[in-house]
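What follows is one structure encoded as structure tokens, with my remarks underneath.
Just so it is clear, none of the values below were taken in a lab; they were calculated from the coordinates. As the structure is a prediction and not an experimental result, all values here were calculated from the model. Don't worry about glycine lacking a Cβ; one is built from the backbone with ideal geometry, like all the others, and counts go over all protein chains shown.
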Amino acid sequence: MSQPQPTTHAAAAAPATGGGTEADRGAVTPGEWQPLHIFYAANPQPLLVSCIRPLIASLREDGLLAGHFFLNYWLEGPHVRLRLKPACPEATGEVRRRAEEAVDAFLRSRPALYEVDTGFLNEFYNALFEIEFPHGDRGDFMGEDGRMNLRPNNSRSWEPYSPEYTKYGGPAGVELAEWHFAHSSDLVMDAFSTMNLHLRTVLLGTSAQLMMVMLSCFLPDARKQADYLDQYYEFWHRAFPGTGFIGSKEYDRNYAETAPGLRRRYREIREAVAAMRADREGGTAGGAGEPVRLPAFLQGWSQHCLELRSRVVSSAGSGLLVFASPEDEDAEPTTDLAHVLPTLLSPYMHMTNNRLHVTIRDEAYLAHVLGRVLREDLDGEAGPTAPAVGP
């Protein structure tokens, strides 16, 4: 399987082979993506809930937006990367003006008080640099003292948009990822507004269930899910060798307490997703009794992830996914779903956790635990189940 990559940087319907936007693409050509980096050295939840969410809502309501998403990032200091796509080129100025006005007002009223010092984080940042810039292209981001340059806290900057064509499968794959990222961003901002995600147990429980759903949608075979989770954990474990950042002993100490609830919830999600998939395909999921009905939060995410998988399958079957730079004219499309699905699942799943502000350490922990509970369930080693966890 393709290894998951570290972070680099309810939409309307869209063609089955590509992405979609909030504007009618057949009638209007949208403007170019406008990436705004907001350097905010604090938990981004208030920024997302009180600033970015209402900004996007107002732009959509006024027909000014063709796409949007956000992600959290670390380079040059903790910041939120907000990407806005105007509904048409003529709307670009107004979109930028409203974004600047909203962000500046928020930073004045609720500035981040913590100042970052890269000294004590140097080892961690160096490990991230090795993953992000394996060929050493980091000079623009480092000072003469060997530490990462920092942007001013509580500042903003418009930056170029650089789609990751190699990671997401070329222009068609990037377009599909952008469609998915709008939904993922909305899901996370809605969750921050309605759930107690500031509590660590709620945050990790929510992340775990979103991972279970996406895994069950993309890889229907539960054994393949377990294999994938093992490889996902091993990737992060190898990415930070010798730092103690990703471990396993401390994970095992918490396992006995969390495993029963996770095992039951994972089984329920697998059954529910199988029933939804059968309903989409006009068949039957098998089994007896009424199908499991998930809470609305997970039900909607399941429906979206099944649609996302369907679009990935269609794009691959049409030869639209090329995991190479657009400049590589000799690159061949990748059509093998055994390669395509896990390759895209990794960044899709990681980016949802990134938006939730789940750390790489916690993401690795969840992959380790979920893989273990799934294998025990499949091997019939599970004991009595506990009440379901999370929302």
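Structure above, values below:
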{"quantity": "In nm, spacing of pseudo-spin labels at Arg223 and Tyr255 (7 Å Cα→C-beta vector)", "calculated": "2.1 nm"}
{"quantity": "Inter-site label distance for Glu329 and Arg361 at 7 Å from Cα along Cβ, in nm", "calculated": "5.0 nm"}
{"quantity": "Highest-first arrangement of 72-79, 177-184, where packing means the average Cβ count within 10 Å", "calculated": "177-184, 72-79"}
{"quantity": "Separation between Cα centres of the range 49-121 and the range 144-194, rounded to whole Å", "calculated": "11 Å"}
{"quantity": "Positive minus negative residues near Met276 (Lys, Arg vs Asp, Glu; Cβ under 12 Å)", "calculated": "+1"}
{"quantity": "Net charge contributed by nearby residues that have their C-beta within less than 12 Å of Ser216 (K/R +1, D/E -1)", "calculated": "+3"}
{"quantity": "Spin-label pair Arg96/Ser58, simplified geometry with 7 Å Cα→Cβ offset, distance in nm", "calculated": "1.9 nm"}
{"quantity": "Förster-model FRET efficiency, 56 Å R0, Asp336 and Arg108, C-beta, rounded to 0.05", "calculated": "0.60"}
